[in-house]
1. Divide by every residue of the chain the summed helix terms, -39500 (n - 2.57) for each DSSP H run of at least 4, and state the resulting mean residue ellipticity at 222 nm, rounded to the nearest 500 deg cm²/dmol.
2. Kindly identify the range 147-306 as rounded, prolate or oblate by the Cα gyration tensor criterion: order the square roots of the eigenvalues as a ≥ b ≥ c, call it rounded if a/c is under 1.5, otherwise compare a/b with b/c, prolate if a/b is larger, else oblate.
3. Calculate the FRET efficiency for residue 59 and residue 706 from the Cβ-Cβ distance with a Förster distance of 35 Å, rounded to the nearest 0.05.
4. Using 19 Å as the cut-off for backbone N distance, which residues of the range 565-602 belong to the label zone defined by a point 7 Å from the Cα of residue 510 along Cα→Cβ?
5. Specify which labelled value, from [x] 41.2; [y] 51.9; [z] 43.8, agrees with mean projected area of the Cα convex hull in nm² derived from the coordinates of the model shown.
6. Post the alpha-carbon centroid distance, the range 364-442 to the range 199-268, in whole angstrom.
7. Multiply the residue separation of residue 198 and residue 624 by 0.36 nm, subtract the distance between their alpha-carbon atoms, and state the gained length in nm to one decimal.
8. Roughly what % of DSSP beta bridges within the chain run antiparallel, to the nearest 5?
């Protein structure tokens with residue numbers, strides 16, 4: 001009996017010991033431990049995928065997957081990622097034998113007893129997951145970044161397990177199909193056509209994609225490769241003005257990148273598709289780039305800024321073929337690395353296409369306001385963030401990655417030198433081609449090109465968040481400078497110091513003295529300025545390279561009087577940032593911006609001023625203050641609209657007028673332009689512009705709103721834009737109960753599938769003029785946040801907040817947010833940061849008014 005008891009005790013101990021050991025890697029998502037283990041456990045992965053796409057979106061997509069791979073380690077089971085319901089899994093075979101389906105915690109588990117050392121084959125019959133399979137009535141597309149491939153099919157959904165794919169898609173006969181590999185054969189199957197593709201290049205799972213649906217097709221060979229574009233745009237003016245340009249811009253980008261990296265285009269093909277209402281501007285899928293259709297197709301009314309944005313978008317996604325697709329980050333904590341290079345290189349590519357544009361100015365107005373918009377907040381984050389599980393990877397994306405990182409990279413290029421920097425980048429591409437790399441891998445290569453300790457340099461720029469506040473202490477005697485000291489401190493109260501360089505300009509009556517400053521310490525004495533006469537004004541960050549908040553030293557002169565475009569542009573940025581830090585009043589800021597708008601001739605700076613003055617008007621002023629300011633504000637803009645301005649500038653100013661003209665006189669003026677009884681010289685409007693005017697007139701409660709919306713709908717010629725307008729109509733209604741019902745309907749993920757449409761509708765409902773009735777929905781918007789992170793794409797949670805609570809500046813909204821945070825002390829930290837980023841203005845404006 002004792003022997004039996006002893007055996008039972010030993011068995012119990014053994015069982016307790018081994019069970020956790022067997023499942024130690026099993027948790028929701030993909031942990032770093034699982035990713036590290038699988039990297040050594042398996043290799044040589046090949047996915048063979050079959051999808052049978054039915055005509056009706058309600059019918060499941062019957063699918064089959066065969067995985068060939070080599071297994072080297074049997075310490076743990078083989079975990080495939082499948083973040084969908086178990087019921088979608090129909091049959092699993094391992095090396096020809098049917099096994100029981102074991103699906104737990106988002107993983108399909110293959111016990112090691114079914115596997116063998118070396119080559120294994122796993123076959124899975126399943127219904128495709130729908131979360132990231134964006135299905136509309138007559139088209140669909142996959143969007144699998146960062147960890148959404150596992151919501152479509154079972155896979156190893158981590159970036160450092162690259163694989164090849166063979167794709168076999170059967171789709172309705174009238175549908176086009178596009179994926180990341182060349183077509184091998186097409187086979188007629190009655191009402192359907194089978195499309196079989198050759199093996200793809202090696203890629204990470206997040207870069208796998210396919211698109212299928214009713215599209216038009218255009219093929220062109222602008223260089224050595226033939227390119228294909230699928231599109232749904234039907235406006236002939238846009239098509240004729242855009243098709244050749246789209247192909248040309250892709251080829252220009254390829255030519256630049258091949259020269260810059262000394263690496264030929266690294267994949268078998270480059271095709272692309274434009275998608276109505278696409279969630280992002282673009283996505284860099286290997287061989288099948290996806291774009292938002294409205295960003296690609298422009299007509300003769302497009303402004304210079306719109307054209308420049310298109311060039312940069314195409315250059316950005318093409319750059320990813322090298323930076324991200326060829327050389328991929330090891331883990332998504334370095335996702336910023338691919339994005340910073342795409343933006344950084346895109347800025348270089350854009351220069352030849354726009355020789356008359358000041359590209360230093362363009363870089364500044366594109367990146368600095370957006371970077372500051374997050375980096376000034378309590379929810380900011382470092383460029384390189386920690387990531388313990390890929391399920392949280394989507395929350396890493398934001399303006400810090402897309403806008404602060406290029407600013408950092410430009411400072412790094414200045415530190416290393418342009419030639420040394422380029423040499424380091426070429427070595428990086430050559431060393432890690434078709435593989436994965438980390439930021440530290442790049443630093444090692446760049447370190448060889450400079451005497452600067454880049455590890456120390458990047459410890460603040462890359463691994464720390466926030467920005468410096470720059471102050472000065474200047475002493476004068478007998479009208480001359482006797483001491484000039486510049487200090488910096490971290491805005492967040494930390495001890496961080498940002499080594500950086502920038503210029504300052506000392507303005508005199510008839511001259512300008514520019515000095516380059518190198519900040520390395522907390523305090524820096526500028527000895528070169530001692531003895532110079534006291535200046536009329538001091539313009540900080542004259543060359544627009546420095547990063548932080550700088551002193552306001554222009555009290556004796558207007559910003560609009562600064563002659564240098566970059567210096568003038570940054571002065572407006574610095575003015576706005578100082579306002580948010582309570583160093584200057586909103587009214588004084590508004591007056592300076594309005595003065596600048598009246599005198600400015602540069603379209604890029606006008607766009608900057610328009611964004612800033614709109615924010616001040618809608619978020620810094622009370623309803624009463626806005627009503628008092630509005631008549632003179634509208635009049636000033638109308639006067640500008642009747643001046644002889646370039647089309648781009650006139651359209652930018654008109655868009656500002658459209659966004660603020662809610663007075664009766666303003667509505668009448670807008671209505672006259674909308675019904676074309678009033679025409680302005682050089683104001684070129686297209687169908688989308690007229691639709692946008694109609695939506696503003698609805699929000700402003702024009703007395704003919706029903707007639708306006710009905711005509712606006714009938715004037716839309718594109719079926720996808722008609723569907724978008726139908727979706728938004730309830731949000732435009734002047735019946736509060738209809739708006740309320742629509743807002744409530746967004747509780748269902750099915751009603752948020754078109755994220756771009758949803759955000760437009762949210763902005764309509766939570767417009768400042770409607771916040772008295774809409775504020776009751778703020779708590780719902782906050783309560784849905786965690787679900788939205790699970791069901792939405794990577795930018796959706798932040799954009800959801802921006803389009804709802806981010807529109808508010810009232811004390812009541814402030815209390816709702818504060819109450820929510822107190823009631824959710826364990827809110828996912830990354831989501832809390834997104835909320836703090838979106839409500840930074842709400843907190844600051846309430847502080848201003850207390």
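Quick note: the coordinates plus some simple rules give every number you see, no bench work behind them. Note that the coordinates shown come from a computational prediction; the quantities given were computed from them, not determined experimentally. Here the Cβ positions follow ideal geometry from the backbone for every residue, glycine too, while neighbour counts run over all protein chains shown.
1. -13500 deg cm²/dmol
2. Values: a/c = 1.62, a/b = 1.22, b/c = 1.33.
Oblate, since a/c reaches 1.5 and b/c is not below a/b.
3. Details: r = 38 Å, r/R0 = 1.10.
Working from the Cβ atoms, E equals 0.35.
4. none
5. [x]
6. Here the answer is 25 Å between Cα centres.
7. On the way: separation 426, 0.36 × 426 = 153.36 nm, distance 6.54 nm.
146.8 nm is the gain from fully extending residue 198 to residue 624.
8. On the way: 90 of 110 bridges.
The antiparallel fraction comes to roughly 80 percent.
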